[in-house]
Amino acid sequence: MITLVNQLPFINSLSAEAVKLNCLYESYKDDSSVMFWIQNDNNAFIAMTDGNMIIYANEPDFDELSHFVSVLNPACVFSDLETLKQIGKAPRENINIMYRKADIEGESVSDNLSSKELYRLLDVDGLSLPEYPYFAVDYCKRLNHGFAKYFAIKDKCAVITFNCGDYAIINGLASHQKGYGSIALKGILQKNYGKHFLVCCRDSVKGFYQKNGFKKLYNAGYWVKNDEC
């Protein structure tokens, strides 16, 4: 049975879905517009906000899960590739989930930028950003509660991570000059020193992360309702 819950236990798993759920819950657990569900004895964890759904599956009842997703009719579903296929929401594009330990010590100098300046740097082809007002509210809420970090060099590069417990995940990285992607990545790894560090990336940038010490864990994906139109 899938049950709506007010409290979501910490999901101790090296997966992008788990980290996204943990970070979302810690930032929005007092916001009634963000909903969380659990299937049976932690067989699946589900969240939805503004029509965007995240599913972390751990041997779930796929039939029930498929029906549940159909009833809620989300605009987008993020999960591991096998779960998406099992519930009939195969994405148009596979996403690589990459991992490395954030083991770079030190502190590279980051510029202090406003949310608007960060948004402009991150607003590039390949990154699907929400409209700025939503981005600003979400980013500032997470940052002010200690669940987000950023590294940026004005006009050159920017990267944002969401973090919770011993985990962190990149939520956007952009470079506007050759070589600055690696600089941004090093800077944000330093800011998250000691954490298990994840990134979701397309095949086109998989090599960049591999060159910077990341290894692929598995495939995930974003099913988007508009892709079926």
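Here are the numbers for this structure:
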{"item": "Residue 17 being surrounded by 22 or more Cβ atoms within 10 Å (Cβ to Cβ) and either of a type in the set (Phe, Trp, Tyr) or not in a loop (DSSP other than H, G, I, E, B) (or both)", "result": "yes"}
{"item": "Subset of the range 83-104 [open to solvent by less than 50 Å² (accessible area, probe 1.4 Å) and either more than 21 Å from residue 204 (Cβ to Cβ) or without any contact (Cβ under 8 Å) to a residue 60 or more places away in the chain (or both)]", "result": "83, 87, 89, 102, 104"}
{"item": "Residue within the range 111-122 that is of a type in the set (Phe, Trp, Tyr), surrounded by 18 or more Cβ atoms within 10 Å (Cβ to Cβ), without any contact (Cβ under 8 Å) to a residue 40 or more places away in the chain and in contact with a Leu (Cβ under 8 Å, 6 or more places away or on another chain) present", "result": "yes"}
{"item": "The lone exception for residue 107 - which of (1) open to solvent by 70 Å² or more (accessible area, probe 1.4 Å); (2) at pLDDT 95 or above; (3) closer than 28 Å to residue 196 by Cβ; (4) of a type outside the set (Lys, Arg) it fails", "result": "(2)"}
{"item": "Enumeration of residues in the range 1-53 that are farther than 20 Å from residue 216 by Cα, of a type in the set (A, V, I, L, M) and within 19 Å of the chain's Cα centre (by Cα)", "result": "8, 11, 21, 24, 34, 35, 44, 46, 47, 48, 53"}
{"item": "Residues located in the range 151-204, provided they are charged (D, E, K, R) and more than 21 Å from residue 221 (Cβ to Cβ)", "result": "154, 155, 156, 166, 178, 186, 191, 195"}
{"item": "Positions within the range 20-46 being among the small types (Gly, Ala, Ser) and surrounded by fewer than 22 Cβ atoms within 10 Å (Cβ to Cβ), in sequence order", "result": "27, 32, 33"}
{"item": "Count of residues meeting criterion [within 19 Å of residue 19 (Cβ to Cβ) and surrounded by fewer than 22 Cβ atoms within 10 Å (Cβ to Cβ)] in the range 55-82", "result": "5"}
{"item": "Condition check for residue 144: modelled with pLDDT of 95 or more and among the polar types (S, T, N, Q)", "result": "no"}
{"item": "Only one of 226, 219, 192 that is touching a residue at least 40 places away in the same chain (Cβ under 8 Å) and over 19 Å from residue 93 (Cβ atoms)", "result": "192"}
{"item": "Residue within the range 114-125 that is over 30 Å from residue 215 (Cβ atoms) and outside any helix (DSSP H, G or I) present", "result": "yes"}
{"item": "Single residue of 69, 109 found to be over 28 Å from residue 33 (Cβ atoms) and out of contact with any helix residue (DSSP H, G or I) (no Cβ under 6 Å at 6 or more places or on another chain)", "result": "109"}
{"item": "Inter-residue pairs, beta-carbon under 6 Å, first within 12 Å of residue 186 (Cα to Cα) and of a type in the set (Ser, Thr, Tyr) and in the range 150-169, second outside any loop (DSSP other than H, G, I, E, B) and at pLDDT 95 or above, 6+ apart", "result": "150/160"}
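The values are calculated or read from the model by the stated rules, or taken from the named source; none is laboratory data. These numbers come from a predicted model, not from an experiment. Glycine also receives a Cβ, built like all others from the backbone with ideal geometry; neighbour counts cover every protein chain displayed. Remember, those area values only see protein heavy atoms, side chains included, never the ligands or the DNA or RNA. Shrake-Rupley method; radii C 1.70, N 1.55, O 1.52, S 1.80 Å.
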